[in-house]
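Values in this text are rule-based calculations from the coordinates and carry no lab data. If you're wondering where the values come from, they're calculated on a predicted model, not measured in any experiment. Cβ coordinates were reconstructed from backbone atoms using ideal geometry, including for glycine residues, and neighbour counts include every protein chain displayed.
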Amino acid sequence: MPRAFLIVMDSVGIGGAPDAERFFNGEVPDTGANTLGHIAAACAEGRAEDGRSGPLHLPHLDALGLGAALRLASGARGEGMDAEPVGLWGAAEEVSPGKDTPSGHWELAGLPVPWDWSYFPNTNPAFPDEITAEVTRLAGTDGILGNEHASGTEIIARLGETHQATGWPICYTSADSVFQIAAHEESFGLERLLKLCEDLAPMLHARRVGRVIARPFTGTPGAYMRTQNRHDYAMEPPGRTLLDWVKDAGRETHSIGKIRDIFAGRGAGHVTTGTDRELMGHLADCVDHAAEGSLTFANFVEFDSLYGHRRDVSGYAAHLEWFDAAIAPILAALRPDDLMILTADHGNDPTWTGTDHTRERVPVVAKGPYSGQIGLRAFADVGASVAAHLGVPSDGPGTSFLMGNDVRL
């Protein structure tokens, strides 16, 4: 019985979104944003030399069709990515009215978001009084810190000492539909922070705020560091997704990285978390041991969290090169009837203005029993194709691309 592996390289967009002018970083529309294309150009021009050097080197992903997908999506050449594809390749574009993590993942899993998310204004204060009152009630404090749009690392560095002195939680947001709470794991307490976020989440979800995110940190003033104990309390998907389809068919599912949080635990099955390097080990274990007919769904978030939001071109390029080398033996270990699809959920162009996600098309490249070009597809076609490969019923709007005119078995 065939197995499937759906791998999300978080934020590795390839430009070309036809509606990019409707999405903004500050006052600047995302028109022309191209995460992979601009990183490749920076590497070729010697502008990404911190910790790495030379043109972007992604031979294994390029062989599957990553460079060809980039050219299809946006017309960008992608210096050094000109291999003739041997895998299944194409690009996908999103219809959900957002460029956030839940929207991208839900739609990849066959469920476009049917509403507009709620966002907080870029003002100070950013949050309505009733929300801050509920946070203070749940936290048992006399107030909150922050109450603004901010970078997580910056606001912790700026307000961490005051937080430790007062015990007040640090609350902030971004251009995404999120409410984030940062607190010191020791002086505030990790379990206390997680309970605060969990108890607050229903109020925010009722307002269509997509996620309440716990952002724990440790350290001392001048040397604070966020930990791996982040937890997202996401709104539950409003319908069935690929994880539900597979689980309801009696199959095994494995969720690697943020997948459990993104889908509010629905259909998550066996769950593993950690750094991207740890997650790569978990993925290798699933390739070696996952049951026949199973689905492994993985998110590698550090492209986005460590390099995209921080506008670190060299770091993003180095992480792409690490990923390409690390995925190679895993691709080689796949069984003949396995299907592994590598894609993304949105862009986060590190050369772009601002610090937020960018609206882009995403690559869809795969190794398995199929090869050839799938063209420009919908995000939801990815979930439909995985379901078709596994032979499980699907009820979303997507259409499988596995039996297209240019696809070969």
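As a proxy for reagent exposure, ranking Asp10, Asp116, Asp345 by other Cβ atoms within 10 Å from fewest up yields Asp116, Asp10, Asp345. Listed by chain and number, the aspartates and glutamates whose alpha-carbon sits under 20 Å from that of Lys195, ignoring those within fewer than 8 places in the same chain, are Glu130, Glu134, Asp142, Glu185, Glu186, Asp232, Glu236, Asp261. Over region 241-378, the fraction of Cα-Cα pairs per 5 Å bin, rounded to whole percents and listed from the shortest bin up, is 2, 9, 17, 20, 21, 18, 9, 3, 1, 0.
For the residue pair Asp285 and Val95, what label-to-label distance in nm results when each label sits 7 Å from Cα along the Cα-to-beta-carbon direction? If labels sit at Asp285 and Val95, their model points lie 3.8 nm apart. What the pair-distance distribution of region 145-244 shows, using all Cα-Cα distances binned every 10 Å from zero, is 16, 48, 27, 8, 2 percent. The angle separating the long axis of helix 379-390 from the principal Cα axis of greatest extent in the chain is about 60 degrees. With the gyration tensor restricted to C-alpha atoms of region 293-334, the semi-axes of the equivalent ellipsoid amount to 25, 14, 4 Å, longest first.
This model, with +1 at the C-beta of Lys and Arg and -1 at the C-beta of Asp and Glu, gives the chain a dipole about its Cα centre of some 380 debye. Near Arg192: Cβ cut-off under 13 Å, other residues only, Lys/Arg at +1 and Asp/Glu at -1. The net charge is -4. Roughly speaking, what is the centre-to-centre gap between region 13-81 and region 230-273 when only Cα atoms are used, to the nearest Å? So the two Cα centres are separated by 30 Å. Counting only alpha carbon atoms, the long axis of helix 313-333 and the longest principal axis of the chain meet at about 50°.
Per Stokes-Einstein, at 20 °C and 1.002 mPa s, what whole-number D in µm² s⁻¹ belongs to region 26-161, with the Kirkwood radius over Cα pairs as the hydrodynamic radius?
My calculation gives 112 µm²/s for D.
Once the C-beta distance of Thr136 and Asp50 is scaled by a Förster radius of 45 Å, the resulting FRET efficiency is 0.60 to the nearest 0.05.
Remark: region 97-183 is approximated by an ellipsoid whose semi-axes, taken from the C-alpha gyration tensor as √(5λ), come to 28, 14, 12 Å, largest first. Summed over qualifying helices (DSSP H, 4 residues or more, each -39500 (n - 2.57)) and divided by its residue number, the chain shows a 222 nm mean residue ellipticity of -10000 deg cm²/dmol.
Would you kindly give the portion of the calculated P(r) for the chain that falls above 43 Å, as a percent of all Cα pairs? Tail fraction, whole percent: 9.
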